[in-house]
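A short worksheet on the structure shown next.
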Amino acid sequence: MKQSTTIQLIITTGILLLIGTTYGVNHVPNQTKTISKQTLNIGTNTPIETMDSNLYTSHEAYEALHATMIGLYSHNAKNQVIPAISDNHPQKSHTGLTYVFTLRKFKWSNGDTVRAQDFVYAWRRQVDPKTNSRNASRLDFIKNAAAVRTGSKPVTQLGIKALDSQHLQIKLSAPTPYLTQLLSDATTLPINQRFAEKLGTQYGDSATHVLSDGPYAISGWSGSKDKNWAFIKNNQYRFNDRVKVDRVAFQVIHSAQKNDPLI
């Protein structure tokens, strides 16, 4: 759709110039989208189910997570994998099964520094059977992930370790030539451990119960039934001076069905 493609180009080239994630809107039907000053207005037909990267199941939530969160790797406007929090110079063992990533300095929207421990926490939580994540199997490239998610081993046996706050060790279940692609997925995003543990099961259920480490933070979103929300510029983002649109406002509008009287 020409109109949707135009908006995607606006977002990917005008908003996220360097390593910001691309928020694709090709799934949005032909609906009104306008730009006023520093605000981009978009009409969509589906609300966001959750902002918990361990629990999302819908495409809309996946896109929202990629617009507000960033992990070790990300994608540029050409959908090419590029380094994000990783400095892109991991130490690799001779077997190709162990990597140590050095983290560049990124901050959460509350000012906390993104730590290696935040990756460990998020990934352990993802495969923990108690979380009941439908995406847990997508971490099976990590050593012991399959055994952990099926309850055969404790989460502490997952092949991920914070050597210190800036160095993250990952052990793989097998050599993985497409590792950076996997590490750019929403399932491998970090979660601020201190913040999430305070909230418990409320984490990710509203705008005030989630933190962003990407170019935008979500605002005005009260939960899965909300029809209005916005992405606002995250001033804590490492490259916030290159984010050219201050606010992206969304409104869920009626999508015509075949049994509607006007169809």
Legend entry - Evaluation of Asn144 against (1) open to solvent by less than 40 Å² (accessible area, probe 1.4 Å); (2) out of contact with any helix residue (DSSP H, G or I) (no Cβ under 7 Å at 6 or more places or on another chain) (one fails), failing number: (2)
Legend entry - Every residue from segment 58-79 that is part of a loop (DSSP other than H, G, I, E, B) and at pLDDT below 95: Ser58, Asn76, Ala77, Lys78, Asn79
Legend entry - Enumeration of residues in segment 111-128 that are part of a loop (DSSP other than H, G, I, E, B), open to solvent by 20 Å² or more (accessible area, probe 1.4 Å) and out of contact with any helix residue (DSSP H, G or I) (no Cβ under 6 Å at 6 or more places or on another chain): Gly111, Asp112, Arg115
Inset, instruction - Output the residues belonging to segment 78-129 that are touching a His at 6+ places or on another chain (Cβ under 8 Å) and of a type in the set (Phe, Trp, Tyr). - result: Phe101
Inset, instruction - With the condition kept exactly as written, say whether any residue in segment 59-67 is open to solvent by 20 Å² or more (accessible area, probe 1.4 Å), among the charged types (D, E, K, R) and more than 30 Å from Ala249 (Cα to Cα). - result: no
Inset, instruction - Please state which of the following conditions Gln91 fails to meet, knowing it meets all the rest: (1) surrounded by 14 or more Cβ atoms within 10 Å (Cβ to Cβ); (2) closer than 24 Å to Tyr178 by Cα. - result: (1)
Inset, instruction - Read through the list (1) modelled with pLDDT of 95 or more; (2) open to solvent by 10 Å² or more (accessible area, probe 1.4 Å); (3) assigned to a loop (DSSP other than H, G, I, E, B), then give the number of the only condition that Pro29 fails. - result: (1)
Inset, instruction - Tell me which residues, restricted to segment 94-110, are open to solvent by less than 30 Å² (accessible area, probe 1.4 Å), closer than 24 Å to Tyr216 by Cβ and either without any contact (Cβ under 8 Å) to a residue 24 or more places away in the chain or not in a strand (DSSP E or B) (or both). - result: Phe106, Trp108
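The values are calculated or read from the model by the stated rules, or taken from the named source; none is laboratory data. Fair warning: this is a prediction, and the values are worked out from it, not measured in the lab. Glycine gets a Cβ as well: all are built from the backbone with ideal geometry, and neighbour counts include every protein chain shown. Each accessible area value is taken on the protein alone, full model and side chains, heavy atoms only, with ligands, DNA and RNA left out. Shrake-Rupley method; radii C 1.70, N 1.55, O 1.52, S 1.80 Å.
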